Ligand code: KIV
Ligand code: ZN
């Protein structure tokens, strides 16, 4: 019988560490629900000790998710571990993931600890964690650049203390497939109690080899857990991408001979949700989830696919969630059809009131746009577009004037703590004028580090989806807004980013 490959998703932890990808508690909860529908085995929900916001997100996910194991990252110290255990209390199945760096460079320069001190701290942390939770994962950070003999000593010791999963990170994305696979195999062969733990791979994508390295860790090294993120989200060049590793193992079952628990039909919805929430756009030629992944433009390919699909297709688009009929609803569609479509898209609304609000927005949009696509619906119900009363700023209305040869003027009405205010400004263009109109009253002083516009469904009739990335006092946040009018979409995105700057105020650096 084929063995199982455990899929450990770290979009909400390592993915979120990417500058600008920080998410609110509610956004994380929504993504966690989609990961549960995707049937990932383990969800790393955050790093509970890093901030109150992260603690609350891990706690909320631990309470809401029933089918996946919920994990919190934790540095190798009692305080972090206790905080993780506290956040995970009440979870159906909980895991603590504790880590400490083991490479000479990290031990000497970052931790300023001797190898023996690191070994002692690793042992003591796993022992402490094991008394709180039965399922313990240990990671030697920068493991791939660690000395083999020392790493063997550390990993043997933490397994003896009760670590149930050993994860070997290529923290800086330095590995190449064959060497990484052999590294894992050597560790498993040399460590006497290695069979007492499940071996896991965690690869970063700095040289574009995270998926290849992870697959080699599985095939050559015998790892049975892969750590990955939706869309490969993550610091720098990101992590191993979930959709790619899952579809590689599934499509090449003849080679890998491993079972997966994943419902691959939920992949596309997960990809879109993560992209819309973070504002990290998926490139069109991205494997599996890119807009062109299943599009056949050349005549020869089209002809072949029409005659027999497998001439040019190794996977079925439907198997990863692409649907053929993309036009879904219009002006005459009723509330039930809308509600059904939300369910099909995997969108869970908290209450009938929320469905009514979303339906009213849908009707408003349908009055302005004749064809409504799945992407429009997802944008409509994304957290950024449904203003929540708890947020400080909310969009109300906007007017602007621009004419060739004249400086554009904009006037924006928005709410600050529920009270309507009215800002006015000129600017280099209508978008610039609108954002300056908001800033003239808010005076956040935030620096804009990214502004991007994307046509949600590809034509000039479509909604524009705007991402604004703001930086203030070391914090970086993304706001996303959508509307058929890109100036309005820009103002919504800007206000959403300002709201997030407030809600991430207490976050501390994720790694120590
Ligand atoms: O890349 C890394 O080393 C990590 C660890 C904390 C597991 O993310
Ligand atoms: Zn990592």
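Every number here is computed from the coordinates shown, using simple stated rules; none is lab data. Note that this is a predicted model, so its numbers are computed, not measured. We place every Cβ from the backbone using ideal geometry, glycine too, and count neighbours over all the protein chains shown.
Viscosity 0.692 mPa s, temperature 37 °C: give me the Stokes-Einstein translational D for segment 87-159 in µm²/s, with Rh taken as the Kirkwood radius over C-alpha pairs.
257 µm²/s
Could you line up 106, 63 from fewest to most neighbouring Cβ atoms inside 10 Å? Could the numbers behind the result be given before it?
Values: 106 21, 63 15.
Fewest-to-most ranking of 106, 63: 63, 106.
Given contacts defined as C-alpha pairs under 8 Å and at least six residues apart, what's the relative contact order of segment 245-291, whole-number percent?
Value for segment 245-291: 25 percent.
May I ask you to work out the translational diffusion coefficient for segment 385-503 at 4 °C, viscosity 1.567 mPa s, via Stokes-Einstein with Rh from the Kirkwood sum over Cα pairs, reported in whole µm²/s?
91 µm²/s
For helix 115-130, what angle does its Cα long axis make with the longest principal axis of the chain, in degrees from 0 to 90 and rounded to 10?
It is inclined by approximately 70 degrees.
Sort the following peptides by mean Cβ neighbour count (other Cβ atoms within 10 Å, averaged over residues), highest first: 113-122, 14-23.
14-23, 113-122
What is the helix-to-structure angle for 210-219, meaning the angle in degrees between its Cα long axis and the longest Cα principal axis of the chain, kept from 0 to 90 and rounded to the nearest 10?
40 degrees
With 10 angstrom as the radius, rank 322, 199 by how many other C-beta atoms surround their C-beta, starting from the fewest.
Going from least to most buried by this count: 322, 199.
For helix 78-88, report the angle its Cα long axis makes with the longest principal axis of the Cα atoms of the chain; keep it between 0 and 90° and round to the nearest 10°.
60 degrees
Just for the chain, what percent of DSSP beta bridges are antiparallel, to the closest 5?
Restricted to the chain, the bridges split so that about 50 percent are antiparallel.
Would you give the gap between the C-alpha center of segment 2-81 and the C-alpha center of segment 109-148, rounded to a whole Å?
First find each Cα centre; the distance between them is then 21 Å.
Give the relative contact order (percent, whole number) for segment 143-263; include only Cα pairs under 8 Å separated by 6+ residues.
It comes to 22 percent, rounded to a whole number.
Taking only Cα atoms of the chain, what ratio of Rg to Rh do you get with Rh as the Kirkwood inverse-distance radius? Display every interim value, and only then the final one.
Working: Rg = 24.1 Å, Rh = 24.2 Å.
Checking Rg against Rh, the ratio lands at 1.00.
So what is the calculated 222 nm ellipticity per residue for the chain, using -39500 (n - 2.57) for each DSSP H run with n of 4 or more, over all residues, to the nearest 500 deg cm²/dmol? Numbers along the way, then the final one.
Working: 16 runs with 192 residues, N = 512.
Calculated from helices alone, the mean residue ellipticity at 222 nm is -11500 deg cm²/dmol.
Beta carbons within 10 angstrom, averaged per residue: use that to sort the peptides 240-247, 149-156, highest first.
Per-residue Cβ counts within 10 Å, averaged per peptide and sorted highest first, yield 240-247, 149-156.
List 468, 201 from most exposed to least, where exposure is judged by having the fewest other Cβ atoms within 10 Å.
Going from sparsest to densest Cβ surroundings: 468, 201.
Can you tell me which of 336-344, 256-264 comes out highest on packing, and rank the rest after it, using the mean Cβ neighbours within 10 Å?
Numbers: 336-344: 14.8, 256-264: 17.2.
Averaged packing, sorted descending, gives the order 256-264, 336-344.
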